[in-house]
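Peer 1: So that we are looking at the same thing, I have put the structure below in structure tokens.
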Amino acid sequence: MIVRFWGVRGSLPSPSGFSELKDKIVQAVRLALKEQPAPEDAERFVETLPDRITGFVGGNTPCLEISCQERILIFDAGSGIRKLGEHLTPRPELDIEEELRGKAKAPSRGAGAGASGRKPHSPKRQLDLLFTHTHWDHIQGFPFFTPVYDKDTSITIHAANSRAVEDGLRAQQSTPLLFPIHFDELPADIKFRTLPEDGLKLGPFNVDFMRLPHPGGSTAYRVKAFGRTVVFATDYELLGDSPEVNRAREDLRSFVQGSDVFISDTQYTYLESHSKEGWGHSNALNVVEMAHAAGVKRLYLFHHDPSNNDRKLYDMLEKASNYSELLFPGSGLSIYLATEGTSVEFPETPGAPPSHRPHDEKAKRRREP
């Protein structure tokens, strides 16, 4: 099983600019002045620099891929799904630009025909897209996902409220005001399914879900395959000490219990989360407490605030790791910052720890035991 991060920001896309690059250059120069490598060792010195300097956290909004045995699960369709689509469909004949210019539109299937109204065929590829909720940062990349322009692709969209997701996807492709291609003109075979209360069996995956407290609601997913468990819980808030919050907190702890990887919303610092109570997001310190209580092995901080540059995000990671070590020394919890391009690969050997790629281990603030 492989987990890949394609989009890790919350709220809206926030690409890095010159100030971010300048800050990284300054950090690199300071280290170079301190270590004074010989000119011929310059390349080797650069290779020793940590990810916080040589890489970028990323500015795309949420998209997560979990794959196993050629079955692909996609969670949310933020702007990060565009690059995932290019990775999945590197076929020049599927040109979104041609679609946008109106040169390759499929015949309209009529309103409401997202799951029917087209000639049956045997799709060459099955994709499953699971939505946490319909806020725009979680759906905005869908029109730029190249597989939806491939008539040989079948996409099943799963959600706790599939009608809301379908309405949201259709609304953002309202022609001609918001997008030049109507949802019904997409060539792919697209179906909507409401999540069954007893969960899903999708190829090698068993998928369970639970509802989360967030304005408008959100959904957490627990994915199991070959004895490994990944939990994805974004856009939730569990502040306060009311019976309702305590019950929701305990429900999520049980849901996360014993997971190998826990990917969690940590948009705010501890102080920010309390000053923005009711906004629907979490802070890393409270999530660290839950991860320890649930016996989680790896925690990934996710849904980064668009106003936070990489330096602040790595500082939040360091504070979370220090807090973990202070309160729970020797617990074995490893904490990472979710960054675009990162993958978590589970080896076939039972019980063997997963690998964290491609960013080097110096990006992690807590070493593996």
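Coordinate-derived values only; no laboratory data. Values in this document were obtained by computation on a predicted structure and should not be read as measured data. Don't worry about glycine lacking a Cβ; one is built from the backbone with ideal geometry, like all the others, and counts go over all protein chains shown.
Peer 1: Given that just one value was derived from the coordinates, which of (1) 19.8, 58; (2) 21.3, 68; (3) 19.9, 63 is Rg and Dmax of the Cα atoms in Å?
Peer 2: For Rg and Dmax of the Cα atoms in Å, the calculated option is (2).
Peer 1: Something else: Step through the table entries 34/319; 201/319; 22/319; 151/201; 24/83, compare each Cα-Cα distance with 32 Å, and write down the pairs that go over it.
Peer 2: 201/319
Peer 1: With a Förster radius of 30 Å, plug the Cβ-Cβ distance of residue 16 and residue 43 into 1/(1 + (r/R0)^6) and report the FRET value to the nearest 0.05.
Peer 2: Between residue 16 and residue 43 the formula returns 0.80.
Peer 1: Here's a follow-up. Mind pulling the angle between the C-alpha long axis of helix 310-327 and the longest principal axis of the chain? Nearest 10 degrees, somewhere in 0 to 90.
Peer 2: Relative to the chain, helix 310-327 is tipped by roughly 60 degrees.
Peer 1: While we're looking at this one, here's another question. What does the net charge come to around residue 259 if you take all other residues with beta carbon closer than 10 Å to its beta carbon, with K and R at +1 and D and E at -1?
Peer 2: Neighbourhood net charge equals +4.
Peer 1: Something else now. Quick check: residue separation of residue 307 and residue 25 times 0.36 nm, minus the Cα distance between them. What number comes out in nm?
Peer 2: On the way: separation 282, 0.36 × 282 = 101.52 nm, distance 2.02 nm.
Separation in residues times 0.36 nm, less the Cα-Cα distance, equals 99.5 nm.
Peer 1: Sticking with this structure for a sec: Would you pull out the residues with amide H under 5 Å of residue 190's amide H, same chain only if 5 or more places away, H placed 1.01 Å from N?
Peer 2: Those lying under 5 Å, H to H, from residue 190 are 155.
Peer 1: Hey, what did the chain get for relative contact order, percent, Cα under 8 Å, at least 6 apart? Display every interim value, and only then the final one.
Peer 2: Details: 740 pairs, mean separation 64.4, N = 369.
Averaging sequence separation for qualifying contacts and normalising by length gives 17 percent for the chain.
Peer 1: Now for a separate question. Nearest 10 degrees is fine. How inclined is helix 243-256 to the longest principal axis of the chain, computing both from alpha carbons?
Peer 2: The two axes meet at around 90 degrees.
Peer 1: Find how many whole Å separate the alpha carbon centroid of region 18-72 from the alpha carbon centroid of region 195-227.
Peer 2: When both Cα centres are located, 34 Å separates them.
Peer 1: I'd like the antiparallel share, as a percent to the nearest 5, of DSSP beta bridges with both residues in the chain.
Peer 2: If I count the DSSP bridges inside the chain, around 50 percent turn out antiparallel.
Peer 1: Here is a further query. Based only on Cα atoms, what mean projected area does the convex hull of region 202-363 have, in nm²?
Peer 2: Spelled out: convex hull of the Cα atoms, projected over all directions, averaged, 10.0 nm².
Peer 1: Which net charge results for the neighbourhood of residue 214, defined as the other residues with beta-carbon distances under 11 angstrom from its beta-carbon, given Lys and Arg at +1 and Asp and Glu at -1?
Peer 2: Residues near residue 214 contribute -2 overall.
Peer 1: Once you put a point 7 Å from the Cα of residue 179 and another 7 Å from the Cα of residue 201, both along the Cβ direction, what distance in nm separates them?
Peer 2: Inter-label distance under the simple model: 3.4 nm.
Peer 1: Could you give the dipole magnitude of region 202-363 about its Cα centre, charging the beta-carbon of Lys and Arg +1 and that of Asp and Glu -1, in debye to the nearest 20?
Peer 2: 300 debye
Peer 1: Mind giving me the FRET efficiency for residue 171 and residue 279? R0 is 22 Å, r the Cβ-Cβ distance, nearest 0.05 is fine.
Peer 2: It comes to 0.40.
Peer 1: In deg cm²/dmol and to the nearest 500, what is the mean residue ellipticity at 222 nm of the chain if only DSSP H runs of at least 4 residues count, each as -39500 (n - 2.57), divided by the residue total?
Peer 2: After summing the helix terms and dividing by residue count, I get -8000 deg cm²/dmol.
Peer 1: Are there GluC sites (Glu not before Pro) in region 322-352 that DSSP marks as loop and that have at most 15 other Cβ atoms within 10 Å, and which are they?
Peer 2: Of the GluC sites (Glu not before Pro), the ones in loops of region 322-352 whose Cβ has at most 15 other Cβ atoms within 10 Å are 348.
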